[in-house]
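Inspection log for the structure reproduced underneath, given as structure tokens.
Throughout, read-outs are computed from the coordinates displayed, never taken from laboratory work. Everything numeric here is computed off the predicted structure, so don't read it as measured data. Here the Cβ positions follow ideal geometry from the backbone for every residue, glycine too, while neighbour counts run over all protein chains shown.
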């Protein structure tokens, strides 16, 4: 019964693409196999077929169709069954984030790889198929329990079997676009791991916009995938200290999102950076794929603000 429900829903979703390129389904190709696996609820098989199609350098129309296929597969279990290959024993968690940071008159983009591991990670690589390296990469940072980052010194790393979080950030000139990527990591002990990652077109169901200096609105842009968790709203306050911005306050919300900033009265009066992020998550097997929209602006803390 489930197969027929999927068939009716999917044909309705993709009718224009079927009409535009009927030759896609005249032969047993990787693309036709992706459709077949999807209709049979074989998500690992569908994902492997999508990888094969992306490796053929598809044109724009086919790329859009691949993003549509992937997005439709997420309505099954938000991507948790997409990849059959689990993370290795030495990696307990891995997240790839596509971030857009919007400040007055400026928009910047980042790709962030977070790896939680019992072994020190000495190399993290994210490349777009076939061999395009991302520009603007920064050194791997260790993040302690308080969220403080320190640049990793590989020569001093010693495995101590305590989990730690490693983070590598890529500063980009544009948003990390849809396509096929290779994500790889190497540990201090010489263990290597890699996996294909497919990113679809970025179309979050909710977006942020400012309504005043310290208030914002969460807007729904399309129907949300109920198989995925609700977006997480994170509000943070940053102070400029010792030549860099340090986070001094943060709160996160899974629902009932606030729309104004009302911090503790213990925060000293001065100018800060207020950042509000909306984080939308899905999975590729064990890998978390996150879209993060961040709004940031100056925030003037004063007695008048405290008394409001």
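Tabulated data for the structure shown
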{"read-out": "Residue match in region 217-233 (condition: at positive phi and in contact (Cβ under 8 Å) with a residue 12 or more places away in the chain)", "value": "no"}
{"read-out": "Checking residue 82 against (1) touching a strand residue (DSSP E or B) at 6+ places or on another chain (Cβ under 6 Å); (2) farther than 15 Å from residue 178 by Cβ; (3) part of a strand (DSSP E or B), the condition it does not meet", "value": "(3)"}
{"read-out": "Strands (runs of 3 or more DSSP E) (entirely within region 187-288) containing at least 1 residues that are within 24 Å of residue 176 (Cα to Cα) and touching a helix residue (DSSP H, G or I) at 6+ places or on another chain (Cβ under 8 Å)", "value": "192-199, 271-284"}
